[in-house]
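Following: one structure in structure tokens, then a few remarks.
The values are calculated or read from the model by the stated rules, or taken from the named source; none is laboratory data. It should be emphasised that the depicted structure is a prediction, and the values quoted were computed from it without experimental measurement. Reconstructed Cβ throughout: ideal geometry from the backbone, glycine too, with neighbour counts over all protein chains shown. When the accessible area is computed, the model is the full protein with side chains, heavy atoms only, and any ligands, DNA or RNA have been set aside. Shrake-Rupley method; radii C 1.70, N 1.55, O 1.52, S 1.80 Å.
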Amino acid sequence: MKLLIFDIDGTLTSLDGATTRAYSKAFFEIFGKEPVTEGLSMHGRTDPLIFRECFERTGIPGNWREGYETFKPLYLAFLPDSIQNSPKARVHVGVRELLDILAASPDEFALALGTGNMEPGARTKIGYFGLNHYFPVGGFGDIHEERYMIMQDAVAASQEHFGLSFAPEETWVIGDTEFDVHGAQQAGLRCLAVATGGKYTTKMLAETGADAVREDLGRTQEILELFRR
Ligand SMILES: [Mg+2]
């Protein structure tokens, strides 16, 4: 039995800046300032980490965790509209086909999410495309800043949900950034890196030491063979 832990942004879907727009709008609404995001990359980062960096760079006084608790519901309220107003929001090549095949083999594959998004944000994002039913559980960015902890959460939640224990070498993380690869490595898991996120090329991803690198999740049979190895 293989456990496959999928990242969302840049891996399953891309939202054409919808996240950043909802983020900035909520931040402004609460603190009366646009967040200072220059040079800040959201790719592969967790929600709490992005928020803390915005909070500190913008010079907001006080405790960032308290600010984050106020920020979360507002961000989540703005997110659906923001996605709807993103004409280029899309599911990546091959994703639906691959998920359909994986989900049709529940004795062979278990699916989970492993994302830096807070869970309700993650569910809103993939729910927009009707993908939630593939992923009964996951590890999310509600609490942790570090990606490997999110992956550990995804494994623990999967073990509980499926009633199985998944060996590290039977567990794959599928992601689009060096942070997914490093998180998987730190958690002792395997990683398939895909270049659909737009920030990391296959060459860059290969340099991270990922177990496998692909342009995208197309060529379904080839991807299945990889997971079956
Ligand atoms: Mg990503």
Burial-style ranking of 29-40, 176-187, average other-beta-carbon count within 10 Å with highest first, yields 176-187, 29-40
Segment 18-84 accessible area per residue, 1.4 Å probe, protein heavy atoms, integer Å², reads 49 Å²
Carbon/sulfur accessible area of the chain, % of total, 1.4 Å probe, equals 49 percent
With +1 on the Cβ of every Lys and Arg and -1 on the Cβ of every Asp and Glu, the dipole magnitude of the chain about its Cα centre, in debye rounded to the nearest 20, is 420 debye
Given a 1.4 Å probe, the accessible area of segment 100-217 per residue, as a whole number of Å², is 41 Å²
Over the chain, the sum of -39500 (n - 2.57) across DSSP H runs of at least four, divided by residue number and rounded to 500 deg cm²/dmol, gives at 222 nm -14000 deg cm²/dmol
Taking a label point 7 Å from the Cα of Glu34 along Cα-to-Cβ, the residues of segment 58-99 whose backbone nitrogen sits under 18 Å from it are 58-60
Looks like segment 120-187, by Cα gyration tensor root eigenvalues a ≥ b ≥ c and the a/c under 1.5 rounded cutoff (else prolate when a/b is bigger than b/c, oblate otherwise), is oblate
Placing +1 on each Lys and Arg Cβ and -1 on each Asp and Glu Cβ in segment 25-138, then taking the dipole about the Cα centre, the residue among Tyr75, Pro35, Leu113 whose Cα reaches farthest towards the positive end is Pro35
Length gained if Ala77 through Glu119 is fully extended, taking 0.36 nm per residue and subtracting the Cα-Cα distance, is 13.8 nm
Note on the chain: helices (DSSP H) long enough, at least 18 Å by alpha carbon along their axis, and hydrophobic enough, mean Kyte-Doolittle at least -1.0, are 18-31, 64-84, 147-162
